[in-house]
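Heads up, the thing below is written out as structure tokens.
The values are calculated or read from the model by the stated rules, or taken from the named source; none is laboratory data. All values derive from a computational prediction rather than experimental measurement. Backbone-built Cβ (ideal geometry, glycine too); neighbour counts: all protein chains shown. In case anyone asks, the SASA skips ligands and DNA or RNA and just uses the protein heavy atoms, side chains included. Shrake-Rupley method; radii C 1.70, N 1.55, O 1.52, S 1.80 Å.
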Amino acid sequence: MTTFRTSTDPAREVAADLLIVPVVEGDGGAGLKETGLADAYAAARLTGKKGEDLLVPRRDHDRFAAANVLLVGIGPKDQVDVNSLRRSLAKAVAGVRRFPSVATTFAQAVPARQAADAVQAVVEAIDLGSYRFGRYKTAKDDGALAKVTVLVPSRADAKAMKRAARTGEIVGDAVGWARDLVNTPAGDLPPAEIAREAQKMAKQVGLTCKVWSENQLKQGGFGGILGVGKGSANPPRMIELRYTGAGKRTPIALTGKGIAFDSGGLSIKDAAGMETMKCDMGGAASILATMKVIAQLEPKINVIAAIPSAENMPSGTAQKPGDVITHRGGTTSEVLNTDAEGRLILADSLAFLAEQEPSCIVDTATLTGACMVALGADIAGAFGNDDALAQELVTAGAAVGEPIWQMPLWIEYKQLIESKVADVKNVGKRYGGAITAALFLSEFVGDTPWVHLDIAGPAFHESATDLGPAGATGVPVRALVRFVLDRAGA
Ligand code: BES
Ligand code: ZN
Ligand code: ZN
């Protein structure tokens, strides 16, 4: 656990093990005058380009108190913003986790009126960049980063800075938790265990939580969740969470795909296709983490979440291609490919949420390989029946540096998922697979304004990025939090 504090002390006086200082490209090291490091900058022929860094141990004649200084290139001044700072700092932090106490002037690299946002981003950067998944490593992680001092502009409002740091901590912790849930192998995190984690979290932060058992799902008519789950020895669940921050006002609704493991079912994946499929509850994890943040930040809004979780396995009891299932609310679907299972469980949770008449529904899911083909590993696709709502998510994503791009919910393609025997079938043709998946989901929301975020690409990365190591990313927790806060008018 890292503890954070904010301080207006001059950087030069901070007695940390390491002081992390941003270097702007193209100013010839002018920003380093205060620390007296302009000579080190020149000697190392630094330019301030993004990605550049240099560790300078203190020498006798140096004018700063920290034992070491890390100079980090952040690119040209006109390209520096809160999101680029978060990335540059997170990337730098990954290499200096061995220092127990760290201070940084990164929050001072943007104009003072953005100081609060910058402080939050700095704290997030340190949490995200130093994140490691250590659960199964027998050697103790000696990366510590126990104490972090965020240096703020000398005239900054101390209370506002403190609050921003606290928000950053809440968000950083929740993203780390979402990453832990996704990185934990399916063997140790079946649906019932995900539900237990949710209950524990709800109790800790004061959310209402109801876990639907397999029997309760049967009684409630959740045929999609049951159909996908019935091939597994680990029975399915649905997690219902409620946050009340605005009395009786109409809530917003969230759901996320919680496939504990996606083997494909009888339409089985090949070995390589299965390797990362513990990630298939990334949508569920991000909704859990978002709810956790909401409960801690207490915005004036009501939020309900219903998170379906099942394990998609082949077995003698598994659903079969050609089976017809009846979803919550009565719509039937023909299961032609058991590997298109995410939409089947989300159909139930979307129908359930639509019944509650929320002002809008947002779902997020590692839904299709097709969306990864379209947008690559970094960008989430947004599909929905309400352009203004979709744009709210695009805007929220842009604000926090989690890119979301709106994609077409092209109604003409609905014919691709028409079934000869049921109301709808669960696969279209090969092309446009992310769109037909979204169209399938759209059948279950009625008239409720709804947006679906396909996070098959950004939820899980095969190699490290600026914001964290290989594995779960925690996307789109920060975008969802921002969306909910914007909605609450906070
Ligand atoms: N969980 C997968 C989608 C996925 C693929 C997520 C790669 C992350 C990385 C999903 O359940 C799936 O298997 N989708 C199929 C749909 C197809 C059968 C219509 C796909 O994308 O191939
Ligand atoms: Zn699948
Ligand atoms: Zn899946």
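Results, tabulated for the structure shown:
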quantity	calculated
Selection within the stretch 257-276 - surrounded by 19 or more Cβ atoms within 10 Å (Cβ to Cβ) and either away from ligand 3 (no atom under 12 Å from the Cβ) or modelled with pLDDT under 95 (or both)	L266
Criterion violated by G206 - all others in (1) on the phi > 0 side of the Ramachandran plot; (2) away from ligand 1 (no atom under 13 Å from the Cβ); (3) over 22 Å from the mean Cα position of the chain (by Cα) satisfied	(3)
Selection within the stretch 439-453 - open to solvent by less than 30 Å² (accessible area, probe 1.4 Å) and touching a residue at least 60 places away in the same chain (Cβ under 8 Å)	F440, L441, F444, V445, T448, W450, V451, H452, L453
Entirely in the stretch 27-131, the strands (runs of 3 or more DSSP E) that have 2 or more residues that are under 27 Å from D173 (Cα atoms)	68-76, 101-104
Qualifying residues in the stretch 351-388 (those that are among the aliphatic types (A, V, I, L, M) and within 16 Å of ligand 3 (Cβ to nearest atom)) - the one surrounded by the fewest Cβ atoms within 10 Å (Cβ to Cβ)	V373
Check on D447, within 29 Å of G468 (Cα to Cα) and either in contact with a helix residue (DSSP H, G or I) (Cβ under 7 Å, 6 or more places away or on another chain) or not in a helix (DSSP H, G or I) (or both)	no
Lone qualifier among A92, A118 - being crowded, with 24+ Cβ neighbours inside 10 Å and without any contact (Cβ under 8 Å) to a residue 60 or more places away in the chain	A118
Conditions (1) more than 30 Å from E402 (Cα to Cα); (2) out of contact with any Lys or Arg (no Cβ under 6 Å at 6 or more places or on another chain); (3) within 16 Å of ligand 1 (Cβ to nearest atom): number failed by E334	(2)
Some residue of the stretch 283-298 being within 20 Å of A437 (Cβ to Cβ), within 12 Å of ligand 1 (Cβ to nearest atom) and assigned by TED's automatic domain parsing to the domain that holds A459	yes
Checking G245 against (1) closer than 20 Å to E298 by Cα; (2) buried (at least 22 other Cβ atoms within 10 Å of the Cβ); (3) of a type in the set (G, A, S), the condition it does not meet	(2)
Qualifying residue in the stretch 407-424 (condition: within 16 Å of I361 (Cβ to Cβ) and of a type in the set (A, V, I, L, M))	yes
Residue list for the stretch 235-251, filter: touching a strand residue (DSSP E or B) at 6+ places or on another chain (Cβ under 7 Å), over 18 Å from A285 (Cα atoms) and not hydroxyl-bearing (S, T, Y)	G245, A246, R249, P251
Candidates K420, K425, K429 - the one that is within 16 Å of ligand 2 (Cβ to nearest atom) and not acidic (D, E)	K425
Test result for N337, within 16 Å of ligand 2 (Cβ to nearest atom), at negative phi and in contact (Cβ under 8 Å) with a residue 40 or more places away in the chain	yes
Residue that is farthest from V394 (Cα to Cα) [pool: residues in the stretch 454-472 that are within 16 Å of ligand 2 (Cβ to nearest atom) and open to solvent by 10 Å² or more (accessible area, probe 1.4 Å)]	F460
Positions within the stretch 133-185 being charged (D, E, K, R) and part of a helix (DSSP H, G or I), in sequence order	K159, K162, R163, R166, E169, D173, R179, D180
